[in-house]
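**Q** Structure in structure tokens, see below.
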Amino acid sequence: MPFLSSLFSVALISAGFFGLALLWLELRHRLRPASPLRLSVADWSVTTGASEALVEGLVRIHNPHARMEVMVPELLLKPTLLGRANLAGLQLSTEVLAEHPDEKARPDGYWAAYIVKGKKTTQARLRLHIKAPAGANAAGTNLAALLDTLWLEILWINYGPFGRLQRRDGVLVPLRKPEPLDPGTAPWRQGEGCSVLPVPTHLLGVLDDPAEVLRRYAGGVLRAGDILTIGETPLAVMQGRYNHPAMVEPSGLARLLCRAFHPTSSLATACGLQTLIDDVGPAQVLVAWLAGLVLKILGSKGWFYRLAGEQARLIDDITGTTPPYDQTIVLGPSQPEQTCRELAAALGVPVAVVDVNDLGRVKVLASSEGCDEGLLLRALRPNPAGNANERTPLVVVRPA
């Protein structure tokens, strides 16, 4: 009995130290330097002519903190054009026009360091001019035919009590959108007890509203009884759930634990695992890692992903998604169940968020009422949407 009592005491002391270690990890994580500023984009327009194009939009910077004042001494643009041909000859210039509520913009376009006070918002108008090379029109080249997408990175500095932080936000602006499918000529495919229709769209991003995208591209072919699916990654990028690795500061915990994952896992890099830690907290990740390791030694695999939460399976590290998001770390979508219910109400058919790959793996992350998940598993197993650059994030499944 004295031995058991001593063993029990040691176990209690060990558990206490472990609990304190977890508490320290959480506090250290939550108290790390961070800026309260939030950046959003809105009101984008694209005007394209035969040889010139103008892309214009607003970027808003909001400070939700009641007392902290944060300075923005720098704001620069890094634009990248994506197209279906060689774009080397195109000329691209940018303008950043400050529209502060309490200061006049400089006529020379210089971004003067600005203080965003607590509970205040400022904004800037961004303009990008695109010009075709001289003689392009004479050669029969139309600028609109060359352009496809603009990937615009906003590089800005936050300066305040937390120090000096480099921020890097990316926004995708579609320069050309495909026409919706013609219901009479839509290329339906025959599946197991169903018909399947991959639906092409433009490259999607934070400027897109999911309901409007589904309505524009799939609304014309839908009928009663259909099920509309959307890939988890396209939905996530429309929700803005992606980060450039430069925005992720790996902790010692992330650098240590990431080495235990398979090299092909999105959690096998320090930034990939830190993204999960930032989402669910270091304590949950550490407990899941330790429990998963012990259970794996005992012959039961996959427990880390069960204990660490749904996002552990859904995070895509760089190279894991289609360009330009291949340069970013993409999380899984937020509140997929609620999103499915809202989209189903807007479209009038059941909607599901799915994760499908070329290996025949199909996972229904969330679905609205009326979804036949067994039918979806059979219909999506051949992966009709593809995993390359097909740009068919939507799939309509119609029971036979």
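**Q** Looking at the stretch 87-102, can you tell me whether even one residue there is loosely packed, with under 11 Cβ neighbours inside 10 Å and either over 29 Å from the mean Cα position of the chain (by Cα) or charged (D, E, K, R) (or both)?
**A** The answer is yes; a qualifying residue exists.
**Q** Out of 125, 84, I need the residue that is of a type in the set (Lys, Arg) and closer than 18 Å to residue 39 by Cβ. Which one? Don't jump to the end; show me each part of the working.
**A** On the way: 84 fails: closer than 18 Å to residue 39 by Cβ.
Result of the check over 125, 84: 125.
**Q** Please enumerate the residues belonging to the stretch 33-70 that are of a type in the set (D, E, K, R), outside any strand (DSSP E or B) and in contact (Cβ under 8 Å) with a residue 60 or more places away in the chain.
**A** Selection gives 69 alone.
**Q** I've got another one for you. Might you check whether a residue that is without any contact (Cβ under 8 Å) to a residue 24 or more places away in the chain and of a type outside the set (S, T, N, Q) occurs anywhere in the stretch 384-400?
**A** no
**Q** Can you name every one of the strands (runs of 3 or more DSSP E) wholly within the stretch 71-182 that holds 2 or more residues which are of a type in the set (Val, Ile, Thr)? Let's see the steps before the verdict.
**A** Working: elements: 75-83, 91-98, 114-116, 121-131, 147-160, 163-174.
Here the list reads 91-98, 114-116, 121-131, 147-160, 163-174.
**Q** Related question: Any residue at all in the stretch 21-30 that is surrounded by 11 or more Cβ atoms within 10 Å (Cβ to Cβ), at pLDDT 85 or above and within 30 Å of residue 162 (Cβ to Cβ)?
**A** No; the residues of the stretch 21-30 include none that is surrounded by 11 or more Cβ atoms within 10 Å (Cβ to Cβ), at pLDDT 85 or above and within 30 Å of residue 162 (Cβ to Cβ).
**Q** Please go through (1) surrounded by fewer than 19 Cβ atoms within 10 Å (Cβ to Cβ); (2) touching a residue at least 40 places away in the same chain (Cβ under 8 Å) for residue 263 and return the number of the only condition it doesn't satisfy.
**A** Evaluating residue 263 over (1) surrounded by fewer than 19 Cβ atoms within 10 Å (Cβ to Cβ); (2) touching a residue at least 40 places away in the same chain (Cβ under 8 Å) leaves (2) as the failure.
**Q** Against the condition under 27 Å from the mean Cα position of the chain (by Cα) and either closer than 17 Å to residue 171 by Cβ or surrounded by 12 or more Cβ atoms within 10 Å (Cβ to Cβ) (or both), how does residue 127 come out, does it pass?
**A** Yes: the conditions hold for residue 127.
**Q** Among the residues of the stretch 279-302, count how many are touching a residue at least 60 places away in the same chain (Cβ under 8 Å) and not hydrophobic (A, V, I, L, M, F, W, C).
**A** So the answer is 2.
Yes or no, residue by residue, for (1) more than 16 Å from the chain's Cα centre (by Cα); (2) basic (Lys, Arg); (3) over 23 Å from residue 267 (Cα atoms):
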residue: 321; (1), (2), (3): no, no, no
residue: 329; (1), (2), (3): no, no, no
residue: 361; (1), (2), (3): yes, yes, no
residue: 378; (1), (2), (3): yes, yes, yes
residue: 394; (1), (2), (3): yes, no, yes
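**Q** Which of the following residues is in the same structural domain as residue 153 (by TED's automatic domain parsing), modelled with pLDDT of 95 or more, over 21 Å from residue 110 (Cα atoms) and surrounded by fewer than 16 Cβ atoms within 10 Å (Cβ to Cβ): 69, 52?
**A** Selected residue: 69, the only one of 69, 52 that is in the same structural domain as residue 153 (by TED's automatic domain parsing), modelled with pLDDT of 95 or more, over 21 Å from residue 110 (Cα atoms) and surrounded by fewer than 16 Cβ atoms within 10 Å (Cβ to Cβ).
**Q** Oh, and also: Could you figure out which of (1) within 30 Å of residue 161 (Cα to Cα); (2) among the basic types (Lys, Arg); (3) surrounded by 12 or more Cβ atoms within 10 Å (Cβ to Cβ) isn't true of residue 106?
**A** Of (1) within 30 Å of residue 161 (Cα to Cα); (2) among the basic types (Lys, Arg); (3) surrounded by 12 or more Cβ atoms within 10 Å (Cβ to Cβ), only one is false for residue 106: (3).
**Q** Quick one: is residue 344 surrounded by 18 or more Cβ atoms within 10 Å (Cβ to Cβ) and in a loop (DSSP other than H, G, I, E, B)?
**A** no
**Q** Now for a separate question. Is it true that some residue in the stretch 99-106 is among the hydrophobic types (A, V, I, L, M, F, W, C) and within 27 Å of residue 324 (Cα to Cα)?
**A** Within the stretch 99-106, not a single residue is among the hydrophobic types (A, V, I, L, M, F, W, C) and within 27 Å of residue 324 (Cα to Cα).
**Q** Out of 118, 160, I need the residue that is at pLDDT 95 or above, surrounded by fewer than 18 Cβ atoms within 10 Å (Cβ to Cβ), in the same structural domain as residue 60 (by TED's automatic domain parsing) and closer than 30 Å to residue 32 by Cα. Which one?
**A** The unique qualifying residue is 118.
**Q** Quick check: is even one residue across the stretch 361-371 over 25 Å from residue 22 (Cβ atoms), aliphatic (A, V, I, L, M) and in a helix (DSSP H, G or I)?
**A** No: zero hits.
The values are calculated or read from the model by the stated rules, or taken from the named source; none is laboratory data. Remember, it's a predicted structure, so these values are computed and weren't measured experimentally. A quick note on method: Cβ atoms are made from the backbone with ideal geometry, for glycine too, and the neighbour counts reach across all protein chains shown.
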